[in-house]
Each structure stands twice: as C-alpha cells, then as structure tokens.
1. Scan the helices (runs of 4 or more DSSP H) fully inside the stretch B:1-120 and keep the ones with 3 or more residues being more than 19 Å from the chain's Cα centre (by Cα) and at pLDDT 85 or above.
2. All but one of (1) over 24 Å from A:Cys171 (Cα atoms); (2) open to solvent by 30 Å² or more (accessible area, probe 1.4 Å); (3) at pLDDT 90 or above hold for A:Gly24; which doesn't?
3. Considering the stretch B:150-172 alone, what residues qualify as being touching a helix residue (DSSP H, G or I) at 6+ places or on another chain (Cβ under 7 Å) and β-branched (Val, Ile, Thr)?
4. Out of A:Ile71, A:Ile44, A:Ile30, A:Ile63, I need the residue that is touching a Leu at 6+ places or on another chain (Cβ under 8 Å), crowded, with 23+ Cβ neighbours inside 10 Å, in contact (Cβ under 8 Å) with a residue 12 or more places away in the chain and not hydroxyl-bearing (Ser, Thr, Tyr). Which one?
5. Quick one: B:Ser124 ticks every box in (1) farther than 15 Å from A:Gly118 by Cα; (2) within 7 Å of another protein chain (Cβ to nearest Cβ); (3) at pLDDT below 80 bar one, so which box is it?
6. Could you please give the count of residues in the stretch A:121-156 that are among the hydroxyl-bearing types (Ser, Thr, Tyr) and open to solvent by less than 20 Å² (accessible area, probe 1.4 Å)?
7. Looking for whichever is more than 23 Å from A:Asp133 (Cβ to Cβ) and open to solvent by 50 Å² or more (accessible area, probe 1.4 Å) here; the options are B:Thr142, B:Thr128. Which one fits?
Amino acid sequence: MKEKSKRLWKLFISTFYLSAFTFGGGYVIITLMKKKFVDELKWIDSKEMLDLVAIAQSSPGAIAVNGAIVIGYKLAGAAGMVTAIAATILPPFLTISVLSFFYTVFQSNLYVRLILEGMQAGVGAVIAAVVFDMGKDYFLLKDKTSILVMAAAFGASCFLNIKVVYIILGCIAIGVLRTWYKIRREK
Amino acid sequence: MIYLRLFMSFLQIGLFSFGGGYAALPLIQEQIVELHGWLSQSEFTDLITISQMTPGPIAVNAATFVGIRVAGIPGAVTATLGCIFPSCVIVSILAFLYLKYKNLRILQGVLNTLRPAVVAIIASAGVTILISAFWGEAKAITPGNIKLNMAVLFLAAIYLLKGKNWNPILVMVLCGILNAVISLTAGFCQ
C-alpha cells in the first residue's frame, strides 16, 4: 500500500512538472513523458509507449490529457489515471486563472516574448532528438516496410496536411490486411 | 442553468476535436463565440495568444478562461471537467482493451504498422515548430532569410541533448533565456 502511494506521488510530481514547463502543444509533452517514464524511470518499455501514444493520438480531445490518461492507467489503474489527469490539468488551470485577470500586461512584455520565441528552438531540438531515438532502430534493422510506412505517414502529415486521425485509421487498415494476408498464406 | 450549458458546450469540444492543438480551434470558436457569445471575436484572439504563451492544451486553457469569465472559478472547474470527460471515457476503454488484448496476432499486426507512423507524425509536428522558429512570419522559406540566432540555438540544443544528455526542460528554458539575451544585446549595440 505504501509502495503504491509512493508511486502515485512520483507520478503526480513528474506529470505536474512536465505539464507546468511544456509550451507548444501535445506532441511536446508526449515526447517529454517518453523521456521521463521510459528512459529515466523505466516504468514503461519503449514499444508499449509508442502504442500508448497511438491511442492518445487517435482519440478525441487534447493529446496531453489523453497521454496522461493512458500512462496513468497503465501505471496504476483508475487511481493512476485520476492522478495523472489532475497533475496535467492543474498547471494550465492555475496559470490561466491568474492570467485571465491581467493578460494584456503579460502579452505586451518584450522579455516574455523573446524568451518564448527562443524556447521554440529548444522544443524543436527536443522533438528531433526523440524522433531520432525512436526511428533509428527501423533503419538499423533495415525494416523496409516500417521505413516505407514512416516515409508515407510523414509525407501525408507534413506535405499533404492529412489529418492525424485519417493516417492512424489508414495504418490500422493496412495492419489488418497485412496480418490477414500472412495468416492466409500460412494455411 | 449556466453550469450545465458550460459543461455540455465543452463536452462537445472535447468529444469532436481530433488531432489535438489547433485542430480544436474552429470548434472552440464555434461554441463560445458564435453559438453562446461567451467571448467576442477579439477576446477569442486574446485567448489564443495567451494559450500560445502558457503551458497546457488549448482546449483546457479555453475552458478555464471562458469558465472564469462566465461563472467564476466554479464555472472554470465545470467547463474543464466537461472538456476532459469524453477523453477519460474513450481513452481508458481503449487503454483497457489494449493492455488486455495486446498479444492477439491481429492487434500485433496493426500495432507494428502504427508504430513507425507515430514516429513520423511526431516528426511532422517537429517540422512545423521548427519552420515557425526559424522563419517566423516570413513569407518565403529560403536559406537566405532564416533567423540565424534560432538556428544556432537549435544546433546548440541538439548538442546538449544528444552529446551531453542534458535535461530537456533545462535545455528549452536555456534557449529562451539565451534568445532574450542575444536579441537585447544586439538591439543595444546597434
């Protein structure tokens, strides 16, 4: 019991910290969650994390909240889910509550604007590093199908602006067909 | 009953926004500006500006902001709960099914195809962020009009992350502070 509440507390603190310092949308917090829970704490393995991210992305709602739900649920069931959601929501809730009273002052501050601008470069670097870590195995193993899927999904999302939901649905369809074809060939 | 209307309105935003972030914007605008008139168009623009500068998902930021404006702190709590409620139900059901059946062969096949695609989607989001960081509001994207200090910050951040294994949040904050220092010094010298 003590072990469990300790784990929940650690989950709360880690998620709260990530949520409070993450600017720039769901994908950023998801990559940071991966660094924390997979690389640092080793609570989730890397493959499972990608599956959980896929669930978070293909469901409706904010990606950061969905990410917190899957990770919290995976780590500690319903209690973990509630803990992770609370930790994700509290920082923006508190910040916006305070800011909504004097937002014009904050908005026109030059220092704040320059710091936020510079942070974009850092965010881009964090994402690039995480993508490199997650993608390099496919190239090392010369997994041609996966490389093809990766290239196609990147093109569809980046150049054709196809919505993420459709890309995920398309991959699910391809996955079902691939497995079905394999099973039939084995018979 | 204002709380019920707030809850239902943000429930719809939570339920129908797929893909996160800016995908939710048109939906939020429709609900709070056009349908209910809780914010004017210019207040809505301010809300987006605030959301860009503060942590957290834009839908949660909007729920808090609108809730406070319309019905104080209890309104903000109600709207936020409405916004995350659909996620809680749908995502926990999917996570349950995944953890229970992940060894099924057909699900394995689907997941093997999904994994590389997820990497690609994250990469694509990264490209969008970098374009906005390197070129800002520039009309044409050419190597000539790249913001040099941002490119240098990016390369330094990559080095600290991959070469030195620094904490990502520390690297991000450092980039922000360095940019402010560089820009202000450059402005001062001119």
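1. Result: B:2-16, B:58-101.
2. (3)
3. B:Ile158, B:Ile169, B:Val171
4. Matching residue, one of A:Ile71, A:Ile44, A:Ile30, A:Ile63: A:Ile71.
5. Just one mismatch for B:Ser124, condition (3).
6. 1
7. Selected residue: B:Thr142, the only one of B:Thr142, B:Thr128 that is more than 23 Å from A:Asp133 (Cβ to Cβ) and open to solvent by 50 Å² or more (accessible area, probe 1.4 Å).
Okay, residues lined up against (1) touching a residue at least 12 places away in the same chain (Cβ under 8 Å); (2) in a helix (DSSP H, G or I); (3) touching a Lys or Arg at 6+ places or on another chain (Cβ under 6 Å):
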| position | (1), (2), (3) |
| --- | --- |
| A:Ala87 | yes, yes, no |
| A:Leu90 | yes, yes, no |
| A:Leu116 | yes, yes, no |
| A:Ala121 | no, yes, no |
| A:Met134 | yes, yes, no |
| A:Ile162 | no, no, no |
| A:Val165 | yes, yes, no |
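The values are calculated or read from the model by the stated rules, or taken from the named source; none is laboratory data. None of these values were measured; they are calculated from a predicted model. Methodologically, a virtual Cβ is constructed for each residue, glycine included, from the backbone with ideal geometry; neighbour enumeration extends over all protein chains shown. Just the protein is used for accessible areas: all its heavy atoms, side chains included, with ligands, DNA and RNA removed. Shrake-Rupley method; radii C 1.70, N 1.55, O 1.52, S 1.80 Å.
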